[in-house]
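Each reported figure results from applying straightforward, stated rules to the coordinates on display, with no laboratory input. Nothing here was measured: the structure is a model prediction, and the numbers come from that model. So basically every Cβ, Gly included, is an ideal-geometry build from the backbone, and we count neighbours across all protein chains shown.
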Amino acid sequence: MRPDFALMSPRYQKVYMLAWISRARSFDEQFQGEHKITVLVRRIAHELTNLSKTLWPGSVQALQMNAVPACVVTELGLKTLHAPKTWAEAHEFVQNHRERAMTSEVPVDDYGWADRPRKAPPGQPRALLREAQRAVEAIAGNVTDPPPRHLTTPPEELPNEQLDALVKHAQALRDIRRFIAAEEPETWGAVMGRLRWLAGRLGERLPQLRRWLDPEFIPPPERAKTGPSADQVRQQQATVRAERDALVAADSFDDEALLAFLGRAFDAHNTPEVASLVQPIRPRIDALRPDLFEDRRMRRRLTGLQERHQARRARRAAVRQRQRPRGRDRRRRRSGRAPGRPGPAQGRGQAGPVRQQPRGPRPQVEARGVARPRHYVVRRQRPQGPGPV
């Protein structure tokens with residue numbers, strides 16, 4: 001493994017893997033029938049697969065046995081009208097669009113990370129790396145081996161103290177990346193890869209870990225050495241729920257108060273949790289403009305929240321449309337009686353009992369249980385004489 005490759009962000013690692021495997025498969029296409037080249041290409045794909053299991057940059061479809069050259073376009077997150085048809089064209093496409101695929105919304109360094117420069121590490125880099133490695137391996141096994149299929153302890157049963165420790169180690173690994181490059185970059189990359197794998201297994205239980213593993217996340221300049229604990233996050237969520245109840249109870253509130261509440265809600269919850277939290281005040285939130293937020297991240301989350309509300313309304317409208325009665329069934333539901341049954345006896349001046357009259361000739365035999373023809377219609381008799389006194 002190249003030392004600088006282990007220090008790269010997951011996106012950069014994925015782009016380089018695509019370039020390497022497409023170049024190797026192009027030789028296999030060029031020299032078809034050469035057994036030695038085929039064996040070497042399969043060995044390269046096997047080594048890159050093991051490397052991806054250690055660094056965990058994400059799924060790389062080009063490493064699969066049944067991969068096609070056009071898959072590199074979707075792997076890079078790009079769109080084109082002319083998808084590559086051969087692996088030589090796929091390698092050329094990756095080389096020509098590498099810079100475009102590596103473009104980030106925030107300024108990043110040569111390795112794809114948005115870290116702020118530090119004059120000195122927070123402690124001994126090697127000691128911090130060993131401590132993080134021991135903590136991760138206690139949950140997810142040896143970082144140099146492929147990740148296990150199942151965790152020894154289920155994710156939902158991991159204690160909060162152990163989860164808080166993972167967030168602290170992720171912060172420390174981001175801080176020592178520049179200082180560990182000359183010592184043990186491969187170990188640093190393996191520990192970060194296993195943390196990314198753990199973040200996928202934990203799901204939405206530990207959003208702070210996902211945030212610190214995101215290469216485009218810029219660490220705040222003035223932050224404490226330890227992030228918020230699980231108890232502090234639960235306290236923030238309780239405060240947000242209390243603020244929501246106060247807004248619902250209030251007769252009126254302005255947009256500034258609503259924006260301040262949403263900012264605290266987004267910090268304490270993920271977007272699906274916020275969507276269920278703000279249901280009582282959903283119309284007011286849908287009327288907000290995302291540009292009222294100065295923070296770009298808050299604007300993006302508000303837009304996602306409003307799109308989630310719109311999708312939910314569309315699903316409900318589709319369900320109501322499917323459940324809506326049609327034609328004759330709608331008229332029968334409004335009349336409150338089942339089809340083919342006579343109505344109750346009516347009083348003076350009202351329609352009398354209902355009688356079945358056929359449009360065509362009546363059949364000779366009407367046995368019980370025999371279905372009436374479809375051309376039968378329902379007509380009402382005119383009232384004859386005064387009704388009952």
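Using a Förster distance of 45 Å, how high is the FRET efficiency between Ala83 and Arg320, based on the Cβ-Cβ distance and rounded to 0.05?
0.65
Along the Cα-to-Cβ line of Asn160, 7 Å from the Cα, sits a label point; which residues in the range 238-275 have backbone N less than 17 Å from it?
238-242, 268-270
May I ask you to evaluate 6.51 cos²θ - 1.76 cosθ + 1.60, the Karplus curve with θ = phi - 60°, for each residue of the range 264-270 and list the ³J(HN,Hα) values in order in whole Hz, giving x for glycine and proline?
Each residue of the range 264-270 in turn: 6, 5, 5, 6, 9, 10, 7 Hz.
Lys and Arg at +1, Asp and Glu at -1: add these up for the other residues within a Cβ distance under 10 Å of His91 and post the number.
0
Return the sequence-ordered ³J(HN,Hα) values of the range 204-221 in whole Hz as given by the Karplus equation 6.51 cos²θ - 1.76 cosθ + 1.60 applied to θ = phi - 60°, using x for Gly and Pro.
With coefficients 6.51, -1.76 and 1.60, one gets 8, 6, 10, x, 5, 5, 4, 5, 6, 8, 6, x, 8, 6, 8, x, x, x Hz.
Counting only residues 5 or more places away or on other chains, whose amide H sits under 5 Å from the amide H of Leu76 once H atoms are built in the peptide plane?
none
Taking the Cβ of Ser276 as the center, what net charge do the other residues with Cβ under 13 Å away carry, scoring Lys and Arg +1 and Asp and Glu -1?
Around Ser276, the charge tally is +3.
Please state the shape class of the range 3-101: rounded when a/c is under 1.5, otherwise prolate if a/b exceeds b/c and oblate if not, all from the C-alpha gyration tensor.
Note, shape of the range 3-101 comes out oblate.
Applying 1/(1 + (r/R0)^6) with R0 = 22 Å to the Cβ-Cβ distance of Ala242 and Asp267, what FRET efficiency is obtained, to the nearest 0.05?
It comes out at approximately 0.90.
Just to be sure I understand the model, the point goes 7 Å from the Cα along the line to the Cβ. What's the resulting Arg100 to Gln32 distance in nm?
So the label points at Arg100 and Gln32 sit 3.0 nm apart.
Report the local net charge at Val240: Lys and Arg +1, Asp and Glu -1, summed over other residues whose C-beta lies under 9 Å from its C-beta.
+1
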